1. Looking at region B:50-65, which of its residues are part of a strand (DSSP E or B) and either free of Cβ contacts under 8 Å to residues at least 12 places away in the same chain or open to solvent by 100 Å² or more (accessible area, probe 1.4 Å) (or both)?
2. Could you list, in sequence order, the residues of region A:19-68 that are open to solvent by 80 Å² or more (accessible area, probe 1.4 Å), outside any helix (DSSP H, G or I) and at the interface with another protein chain (Cβ under 8 Å from one of its Cβ atoms)?
3. Please enumerate the residues belonging to region A:172-202 that are open to solvent by less than 90 Å² (accessible area, probe 1.4 Å) and either more than 11 Å from every other protein chain (Cβ to nearest Cβ) or outside any helix (DSSP H, G or I) (or both).
4. Does A:Ala166 satisfy the criteria of being among the small types (Gly, Ala, Ser), within 18 Å of the chain's Cα centre (by Cα) and under 30 Å from A:Ile2 (Cα atoms)?
5. Please determine whether any residue of region A:118-130 is open to solvent by less than 50 Å² (accessible area, probe 1.4 Å) and either free of Cβ contacts under 8 Å to residues at least 60 places away in the same chain or acidic (Asp, Glu) (or both).
6. Only one of these is within 14 Å of chain B (Cβ to nearest Cβ) and of a type in the set (Ser, Thr, Tyr): A:Thr123, A:Thr74, A:Thr113, A:Thr94. Name it.
7. So, in region B:118-147, exactly how many residues are of a type outside the set (Val, Ile, Thr) and touching a Lys or Arg at 6+ places or on another chain (Cβ under 9 Å)?
8. Please enumerate the residues belonging to region A:4-18 that are within 9 Å of chain B (Cβ to nearest Cβ) and open to solvent by 40 Å² or more (accessible area, probe 1.4 Å).
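The values are calculated or read from the model by the stated rules, or taken from the named source; none is laboratory data. Not measured: the values here are computed from a predicted model. Please note: Cβ atoms are built from the backbone with ideal geometry, for glycine as well, and neighbour counts cover all protein chains shown. Note: accessible area is taken over every heavy atom of the protein model, side chains too, but ligands, DNA and RNA are not part of it. Shrake-Rupley method; radii C 1.70, N 1.55, O 1.52, S 1.80 Å.
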Amino acid sequence: MILGLFDQFFTPYFAGIPLLAIAIIAPWLLFPTPSNRVVNDRSLAAQNSFILNFAKQILLPLNVGAHKWALLLTALMINLITLNLLGLLPYTFTPTTQLPLNMGFAIPLWLATVLIGLRNQPTIALGHLLPEGTPAPLVPVLIIIETISLFVRPFALGVRLTANLAAGHLLIQLLSSATLFLLDQMFPVAILTSLVMALLTILELAVAAIQAYVFVLLLSLYLQENT
Amino acid sequence: MLSRVIAVSASGLKSSAPLGAGLVQASRSLHTSSPSLAPVPPLPEAGKVRHGILPEEFFQLLYPKTGATGPYMLGTGLSVYLLSKELYVINHETVAAVTIGAMFIYGVKKFGPGFAASIDKINDEKITWIEEVKDQAIACYADAIEEEKKEQWRVEGRSMLFDAKRNNVAMLLETNYRERLHYVNHEVKRRLDYQLALQNLKVRMEKEHMVNWVEKNVVGSITAQQEKESIAKCISDLNVLAKNVKAKATA
């Protein structure tokens with residue numbers, strides 16, 4: 001079937017049934033249930049080790065009150081990294097290329113951190129709007145800038161993830177189209193483009209993991225500010 | 001490997017199969033009964049695969065009918081059919097698939113053994129840690145057994161200890177008794193010696209007194225005449241004796 005350039009970004013349908021929910025829940029199918037055994041098989045041991053180390057890492061700078069977010073942040077990380085990595089497979093739909101999904105992750109979580117900060121320690125939370133050591137004339141301007149920065153955060157979170165992944169997918173598609181076209185026309189250039197394609201794939205693998213990590217890391221930083 | 005997990009819903013891999021995962025999660029989340037404390041059976045052996053994703057059972061299934069090259073012919077024929085009939089259209093996704101497939105295979109080949117070794121190391125460390133606890137507990141108990149045996153041996157010697165103590169006490173009592181006896185002896189002898197000395201003294205004093213009295217009387221009874229006569233006798237005796245001696249000397 002002839003695929004257009006943006007077909008990968010359309011919600012998949014099967015006989016009129018939207019498969020979006022399945023696409024988003026797909027990571028759940030790929031992770032085995034932790035068992036009671038001390039010694040597990042390799043996949044479970046690898047998963048356990050990854051989740052444990054990630055949770056330790058992300059919760060290190062947070063104080064004890066914020067540790068309630070451990071499950072949420074870890075689950076979010078696993079979900080995002082799996083969605084991103086699965087999207088690199090051919091003919092797959094990547095939900096995280098859709099802005100609504102990412103905004104759906106970013107806005108509630110960011111808002112939660114802000115509200116927690118304003119509820120528990122309002123002075124400190126508002127104090128973040130003025131960095132320490134600003135000279136007196138700059139104070140009004142800086143407060144406005146910091147407020148705008150605060151409100152831009154969810155959009156930044158969502159759009160960062162969307163843009164990175166969508167751009168990456170688009171680049172992959174473009175380069176592979178180019179390679180396919182050049183296979184007939186100019187074969188040596190096709191080799192070149194396929195080399196670039198290989199490098200891009202490595203980059204995309206890295207980006208998939210890093211963007212997921214950055215998303216969760218920034219959320220944990222916002223949480224750290226506000227708890 | 002993941003396709004195998006999804007494709008093969010073996011009961012032995014219940015904990016890792018996706019449907020099995022859901023079922024296990026569902027029953028465990030309700031906590032209707034306490035978890036079984038029976039020892040778990042060992043993990044099943046990982047399924048054998050050929051070329052990383054095709055299960056060995058598939059090849060064994062086709063072997064009787066089509067021999068060793070059967071599955072490969074099937075694969076080739078199937079792909080040629082799909083491509084030639086344009087049931088699978090080669091488009092840009094194919095190139096992307098080839099690229100990512102190559103990356104995946106390269107990654108697994110290069111980092112697979114290292115990663116597996118590190119995971120095995122994690123498991124081995126867990127086992128070592130637990131066995132260390134077990135060994136320490138066993139060593140602790142062995143030491144306790146040794147100590148207990150020693151205490152039992154000590155208890156056996158306890159009667160000897162009591163005998164020795166009893167002997168000691170008896171010796172002390174005996175010594176004390178003998179000392180007192182000796183003391184009594186000594187005191188009685190002292191008193192008797194005193195009485196004896198007293199009697200001796202009395203007898204001696206009587207004797208002396210008598211002798212003194214007799215001497216005094218005798219000396220008092222000697223008159224002057226008797227004294228002169230006795231002295232003249234003595235002198236004549238002495239002369240006779242002297243003459244005798246002189247005669248003996250010259251003879």
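1. Within region B:50-65, just B:Arg50 meets the criteria.
2. The one that is open to solvent by 80 Å² or more (accessible area, probe 1.4 Å), outside any helix (DSSP H, G or I) and at the interface with another protein chain (Cβ under 8 Å from one of its Cβ atoms): A:Asn36.
3. A:Val189, A:Ile191
4. yes
5. Yes: region A:118-130 contains one or more residues that are open to solvent by less than 50 Å² (accessible area, probe 1.4 Å) and either free of Cβ contacts under 8 Å to residues at least 60 places away in the same chain or acidic (Asp, Glu) (or both).
6. Being within 14 Å of chain B (Cβ to nearest Cβ) and of a type in the set (Ser, Thr, Tyr) holds for just one of A:Thr123, A:Thr74, A:Thr113, A:Thr94, which is A:Thr94.
7. So the answer is 2.
8. A:Leu5, the sole residue that qualifies.
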